[in-house]
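Structure first, commentary second.
The values are calculated or read from the model by the stated rules, or taken from the named source; none is laboratory data. Bear in mind the structure is a predicted one, so any value in this text is a computation, not a measurement. Positions of Cβ are generated from backbone atoms using ideal geometry, with glycine treated the same way; all protein chains shown enter the neighbour counts.
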2 protein chains.
Amino acid sequence: MSDTSLARRHRVVVIGSGFGGLFATKALKRTDVDVTLIDRTTHHLFQPLLYQVATGILSEGEIAPATRLVLEDQQNASVLIGGVEKIDVADRTVTSTHRGRTTVTEYDSLVVSAGARQSYFGNDHFAEHAPGMKTIDDALELRGRILGAFESAEVSTDPAERARLLTFVVVGAGPTGVEMAGEIAQLAHRTLAGAYRTIDPRDARIILLDAAPTVLPPFDDKLRRAAADTLEDLGVEIQLGAMVTDVDDDGLTVRDQDGERRIEAACKIWSAGVAASPLGRQLAEQTGADTDRAGRVLVEPDLTLPGHSNVFVVGDMMNRDGLPGVAQVAIQGGRYAAQLIAAEVRAHRKGRDKPERAPFRYTDKGSMAMISRFHAVAKVGRLQLTGLLAWLLWLLIHLVYIVGFKSRLATAISWTWSFLGRTRGHLAVTEQQVVARTAINRLDAWEDSRAVPEAATASAR
Amino acid sequence: MSDTSLARRHRVVVIGSGFGGLFATKALKRTDVDVTLIDRTTHHLFQPLLYQVATGILSEGEIAPATRLVLEDQQNASVLIGGVEKIDVADRTVTSTHRGRTTVTEYDSLVVSAGARQSYFGNDHFAEHAPGMKTIDDALELRGRILGAFESAEVSTDPAERARLLTFVVVGAGPTGVEMAGEIAQLAHRTLAGAYRTIDPRDARIILLDAAPTVLPPFDDKLRRAAADTLEDLGVEIQLGAMVTDVDDDGLTVRDQDGERRIEAACKIWSAGVAASPLGRQLAEQTGADTDRAGRVLVEPDLTLPGHSNVFVVGDMMNRDGLPGVAQVAIQGGRYAAQLIAAEVRAHRKGRDKPERAPFRYTDKGSMAMISRFHAVAKVGRLQLTGLLAWLLWLLIHLVYIVGFKSRLATAISWTWSFLGRTRGHLAVTEQQVVARTAINRLDAWEDSRAVPEAATASAR
């Protein structure tokens, strides 16, 4: 794979410390290579549990261990913090920056697993009013907004305003949206039930919206119905076939078969779509690969780019036979890439030919979503589970994939308290996001105000 | 105490959900009064453990339970979120605002326990470069700065810059400063020891600075020496008699007996002084009470304001015989105020005269500071403890005062991991503070740039 001398170790660069990147790096532990893992953040993030940080069940630390400490004992791995700005597949370099400092890292093999971000389908101005859930900051921002809405409702004396403050809209009825809507309902109806004096949090309306005609599209009809029934038992209103056409500070506009209507809601959460990291398009432009509408790269059967068998794209950024953007696809893709690299490095060292590459084969271990405490839906092979059994399976699987024994124990305790008891241990609200938003809004206002006079001056000349 | 009819319940307003305010509120649980607890934040904060959030040992949730849930079962208490802007002792009202909404709350008795903030002794511009440690956001900001310095050092190739990035200066050698310096040393030398590839975190310099001639001024000489010895064993450099005269992004300027000198340090932490909440001066102006240099109100023997026996000031905001700003003074002051109010409400209801007020008497339960794992110093009455025994006592006392059994259990587990093991469970870094700071800096730059031309225009006329 490498055209340099035998003396130099094969250099692998991995972009992204999510499931794909972390598992690729770990799978190279016993291989004679140098691995550099590059990520913008210092932590591995268990994204499927972010909604529990947003709703006060877990702390961010429990689902975001420091990547460096996870990989501390893997001597052939180093971690580089920085946002990747450029991949050059001709020069075989990755350019990243951290606090204004630019680093160029050379590679022999590259595993790109930079994930996806929230997509507003071209309506990026929705983001301010309906944050998504992709980072720790997103989750803490949402935690502040959800609890802040109850606080504002407590001191409001206007019934219409109070109703608006107590209406929570989750856009997108995939697994994340379903889990989020369920947890807000349980937060309002169980945890906070007796905590206020002028409002009853049980009056809160939680609306789960989707343009699709069903909740949980990846599941079969039986599980969808079970999920919808459980959500409705929790008090969640499900509105399907409803497309969001506008979002502002006070609510959103929705178009369904009866035309356009307005929902007044202070707190909106967006989980309707994802777009692959822009690195996907960058790679496609350089290699002639295609991308799909979500910006995911259509990869070869061995998850590489056309004509670049040393560049792998895995996880949420890649499209291969339409595999879904779930943790297992990223984990298996990352491990697959690592195994190919390891086999070829070994062959090269022994002076043998490169072994033939078997195409990537995804093993579907099933999919699941927690709906409420004691209720989940799970599909494992042909088995379809609902209720308590599915929920216990959900707990078990998620505990297994949390990194670190201490985080597992802490999470198990947090869950015991939240699900058997009714309190939640992590409702502390940070304020920096409010500071940031206020400052950014003032900046925007300034830039808008400056734009006008300059234009005016120009035309006056 | 109240001049209204017997039918209306006596209204108590408590300002501040820290130790003073929370314990005052809880002590009124069985009294026939209505209590309104007003605070800017939604949580009670165990401030003495904030340094452990900053250094990744604890999550913010473990030391900051939602005040509402703590008081949920106390039916006579309600929580109002808002920053108090005005107290009017003549009208007996408290004016607070939350997200632009103003609330005026009337009281018959008032307990003011709004605490203290960091003081830079008139040099407020130090704050940007050397944050203090008073809120959760402060602690998360410091966590980001401390870990960020190691990350930047890892990619720096300039030895001078690397040394600057690996120098941590804690200003102020009181208990908070001592504990913080000790924890940064242990983070660098134990937790992160093997986590980097181009730097050795054990090379980090941790400097503990104070203008005073000793560490831990509240303790006796034997304990001070034990603390200093333990810190030096950890690798902390103690520089006493050193006054900070300037702080900027790259370091600080210090004046000591040898003149002025410069310390290059990327990460500075300020724990040198506190100033009482500005509500103290507001109350003093209205009542003719005196304030000390830190803005604390000199109160009457019953912790009230002169001529206003229904307004109590407790905790870090009050000065009575120079009592220190520690949790026990706030707790005992809050409870004392609550007991007086309760006794007088009972007497009033029974048609009796107000009972005589016995002056507030502080019971010194001792003071302690953790220096490192297995080492603390503690003064309990005449007993002076150091080492392991003091450390175990420290753990026990702090666990007792953490609110909620679940938080206690989680904290105990976090401590076991951090002190017996060497990892830390809460090193996840948020980014909003960076966003906020960047936006605020741009705003400041804009305001500065705008100020100049306007002045120029004015003088040109």
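Out of all the residues in region A:173-203, which are among the basic types (Lys, Arg) and in a loop (DSSP other than H, G, I, E, B)?
Matches in region A:173-203: A:197 only.
Where residues in region B:72-90 are of a type in the set (A, V, I, L, M) and in contact (Cβ under 8 Å) with a residue 60 or more places away in the chain, which of them is surrounded by the most Cβ atoms within 10 Å (Cβ to Cβ)?
So the residue we want is B:79.
Tell me, which residue of region A:400-421 that is under 14 Å from residue A:59 (Cβ atoms) and more than 10 Å from chain B (Cβ to nearest Cβ) is surrounded by the fewest Cβ atoms within 10 Å (Cβ to Cβ)?
Result: A:412.
Do any helices (runs of 4 or more DSSP H) entirely within region B:363-461 hold 3 or more residues that are under 30 Å from residue B:326 (Cβ atoms) and at pLDDT 65 or above, and if so, which?
Here the list reads B:387-401, B:405-415.
Based on this model, can you work out whether residue B:395 counts as under 20 Å from the mean Cα position of the chain (by Cα) and surrounded by fewer than 20 Cβ atoms within 10 Å (Cβ to Cβ)?
Yes; evaluated as a whole, the condition is true for this residue.
Could you tell me how many of the residues in region B:233-277 are among the charged types (D, E, K, R), assigned to a loop (DSSP other than H, G, I, E, B) and over 20 Å from residue B:204 (Cα atoms)?
1
Given region A:82-172, what helices (runs of 4 or more DSSP H) lie entirely inside it while holding 1 or more residues that are within 21 Å of residue A:42 (Cβ to Cβ) and either among the charged types (D, E, K, R) or within 14 Å of another protein chain (Cβ to nearest Cβ) (or both)?
Qualifying helices (runs of 4 or more DSSP H): A:136-155.
Considering only residues that are touching a residue at least 40 places away in the same chain (Cβ under 8 Å), surrounded by 15 or more Cβ atoms within 10 Å (Cβ to Cβ) and over 24 Å from residue A:309 (Cβ atoms), which ones fall in region A:99-126?
The answer is A:116, A:117, A:118, A:119, A:120, A:126.
Which one of these is without any contact (Cβ under 8 Å) to a residue 12 or more places away in the chain and of a type outside the set (Lys, Arg): A:58, A:69, A:49, A:37?
Going through A:58, A:69, A:49, A:37 in turn, the sole match is A:69.
Look at region B:282-296 and say how many of its residues are within 22 Å of the chain's Cα centre (by Cα) and surrounded by 16 or more Cβ atoms within 10 Å (Cβ to Cβ).
Residues that pass the stated criteria total 6.
May I ask you to list the residues in region A:69-78 that are at the interface with chain B (Cβ under 8 Å from one of its Cβ atoms) and either closer than 30 Å to residue A:417 by Cα or touching an Asp or Glu at 6+ places or on another chain (Cβ under 9 Å) (or both)?
A:69, A:78
Report yes if residue B:232 is more than 30 Å from residue B:376 (Cβ to Cβ), out of contact with any helix residue (DSSP H, G or I) (no Cβ under 8 Å at 6 or more places or on another chain) and free of Cβ contacts under 8 Å to residues at least 24 places away in the same chain, otherwise no.
no
Do we find a residue being more than 23 Å from the chain's Cα centre (by Cα) and not charged (D, E, K, R) anywhere in region B:269-276?
No, the conditions are met nowhere in region B:269-276.
Just need a number here: residues in region A:207-240 that are within 21 Å of the chain's Cα centre (by Cα), within 16 Å of residue A:385 (Cβ to Cβ) and surrounded by 18 or more Cβ atoms within 10 Å (Cβ to Cβ).
Within region A:207-240, residues that are within 21 Å of the chain's Cα centre (by Cα), within 16 Å of residue A:385 (Cβ to Cβ) and surrounded by 18 or more Cβ atoms within 10 Å (Cβ to Cβ) number 2.
Select from region B:54-80 the residues that are touching a Lys or Arg at 6+ places or on another chain (Cβ under 7 Å) and not polar (S, T, N, Q) and write down the one among them that is nearest to residue B:176 (Cα to Cα).
B:54
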